[in-house]
1. Where the centroid of each part is defined by its Cα atoms, how far is the range 306-320 from the range 216-273 in Å?
2. How much length is gained on full extension from residue 213 to residue 293, taking 0.36 nm per residue of separation minus their Cα-Cα distance?
3. Which residue, 410, 353, 122, tops the fluctuation ranking in a GNM of the chain built on C-alpha contacts under 10 Å?
4. Considering lysine pairs in the chain that are 8 or more places apart or on different chains, how many have Cα atoms under 26 Å apart?
5. Out of every Cα pair in the range 54-306, what percent are spaced more than 22 Å from each other?
6. Given a Förster radius of 41 Å and the C-beta distance between residue 148 and residue 4 as r, what FRET efficiency does 1/(1 + (r/R0)^6) yield to the nearest 0.05?
7. Subtracting the Cα-Cα distance from 0.36 nm times the residue separation, let me have the gained length for residue 162 to residue 239 in nm, one decimal.
8. Give the peptides 93-99, 27-33, 376-382, 219-225 in descending order of average Cβ contacts within 10 Å, highest first.
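We did not get these values from a lab; they are worked out from the coordinates using the rules stated. The model shown is predicted, which means the values in this text are computed figures rather than measured ones. Note: ideal-geometry Cβ built from the backbone for every residue, glycine included; neighbour counts use all protein chains shown.
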Amino acid sequence: MHVSLPKDRMPKESLRPDVAFHLVYDELMLDGNARQNLATFCQTWFDDEIHKLMDLSIDKNMIDKDEYPATADIENYCVHMLADLWSAPSAAATIGCSTTGSSEAAMLGGLAMKWRWRDRQARANRNTERPNLITGPVQVCWHKFARYFDVELREVPLARDRLGLTPDEVLKRVDENTIGVVPTLGVTFTCQYEPVAEIAAALDKLQGETGLDVPIHVDAASGGFIAPFVHPELACDFRIPRVNSINTSGHKYGLAPLGVGWVLWRESHDLPEELVFRVNYLGGDMPTFALNFSRPGGQIICQYYLMLRLGKEGYRLIHEACYETARYLAGEIAAMGPFEIYFDGDSRFGIPAVSWTTRADARVGYSLFDISAHLRARGWQVAAYAMVPDISDVVVMRILVRHGLSRHMAELLIADLRRCLEYFERHPISHPMTASDGGTYNHDVTRS
Ligand SMILES: *Cc1c(COP(=O)(O)O)cnc(C)c1O
């Protein structure tokens with residue numbers, strides 16, 4: 001075809017489907033290869049059965065619970081299994097739902113906290129105007145929640161010697177207008193777990209002294225599908241009475257295709273009744289709590305398939321293999337010389353990932369942004385980012401190890417990283433890249 005692809009106006013005439021398909025297919029070739037995307041937390045490898053189930057459920061709308069009662073049941077099975085996995089005191093009393101991801105789940109969790117706080121304040125005849133939320137260095141969804149729903153975000157700034165939320169920093173910021181505290185299991189920047197139990201203990205003490213009862217919502221976007229399998233003894237879930245709600249992303253370490261997250265509340269009264277809509281639609285009464293209406297069902301069906309297919313044992317084995325690969329990468333990267341490892345993939349302290357920075361005393365003429373751009377030539381997408389905004393002179397590189405990044409692929413990556421450093425030795429860079437010209441890839445990916 002000697003014409004360029006239409007971009008601004010829909011063509012007047014139709015094309016044959018195979019022709020149109022190939023035009024779209026060719027355009028997509030320019031995308032990065034998802035399996036080599038080591039910047040994302042999201043799952044990028046799927047077995048044939050998942051492809052088949054996605055195809056089977058392409059026409060199922062999650063909102064039509066009356067029309068697709070089996071899909072609705074499957075969603076409930078998943079909620080119950082997660083309640084059990086997160087040690088809810090009574091799986092039957094626990095309430096929860098699927099979402100499009102942790103972002104929607106965070107909005108719902110945040111809204112429930114805001115409503116409950118307002119109710120507490122109103123009953124005590126106190127001000128209900130200025131709610132605040134305390135977090136560590138959170139994923140962008142909590143910034144969105146705060147802005148969209150008018151809540152002051154008290155985000156504890158990063159410091160060189162403190163890369164996550166601590167009980168002391170929480171206590172410095174908490175007051176009667178605090179709707180909740182959000183520790184993260186798998187912080188976006190460093191991949192580490194924040195200390196849920198210690199923060200809860202500090203808030204217990206505060207309640208004993210002042211009467212202030214501040215709930216915790218755990219953002220377990222990644223960790224919620226890892227810790228219960230790999231370290232079931234790590235109590236960072238409903239075993240802690242102060243933890244009222246938890247979210248996770250099914251499409252991250254839950255291994256499901258893109259578009260599924262989960263949010264659960266300890267007991268039904270933790271989710272204010274006013275937030276639940278009872279819609280009478282197409283013949284059925286259904287309670288819903290969601291930002292969306294229509295939504296695909298395939299991801300949720302696949303989530304259930306995965307829980308069934310893998311069981312706890314399967315998830316444990318997969319994630320342990322990922323940790324092993326992460327430890328291998330950390331060891332190799334540390335041995336290269338110029339780098340200092342931030343997080344080495346120790347399963348007790350974070351998710352299967354490695355993060356590192358350039359050693360202060362390393363005399364190298366390139367930046368981590370240059371490395372990121374150079375690796376891209378071999379198809380690898382490795383995030384490099386400044387620790388904005390508080391320690392923006394610290395630049396970090398990060399690899400997420402997910403099911404699908406085999407040991408063999410990790411070895412290929414290490415060989416490419418070595419070649420990259422040798423190349424920079426032979427061809428010194430006159431102007432190393434900085435955060436401001438780090439390129440489109442480097443900035444977006446840290447948040448994904
Ligand atoms: C990925 C992530 C989110 C957002 O989750 P989505 O499923 O992409 O919407 C929120 N919090 C943390 C800690 C994350 O890692």
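1. Distance between centres, Cα-based: 17 Å.
2. Values: separation 80, 0.36 × 80 = 28.80 nm, distance 3.37 nm.
Net length gain for the segment: 25.4 nm.
3. 122
4. Pairs that pass both the separation and distance tests number 13.
5. Working: 16824 of 31878 pairs.
Beyond 22 Å sits 53 percent of the P(r) for the range 54-306.
6. On the way: r = 39 Å, r/R0 = 0.95.
The computed FRET efficiency comes out at 0.60.
7. On the way: separation 77, 0.36 × 77 = 27.72 nm, distance 2.63 nm.
This chain segment gains 25.1 nm when fully extended.
8. Numbers: 93-99: 23.0, 27-33: 9.3, 376-382: 17.0, 219-225: 30.0.
Result, highest mean Cβ count within 10 Å first: 219-225, 93-99, 376-382, 27-33.
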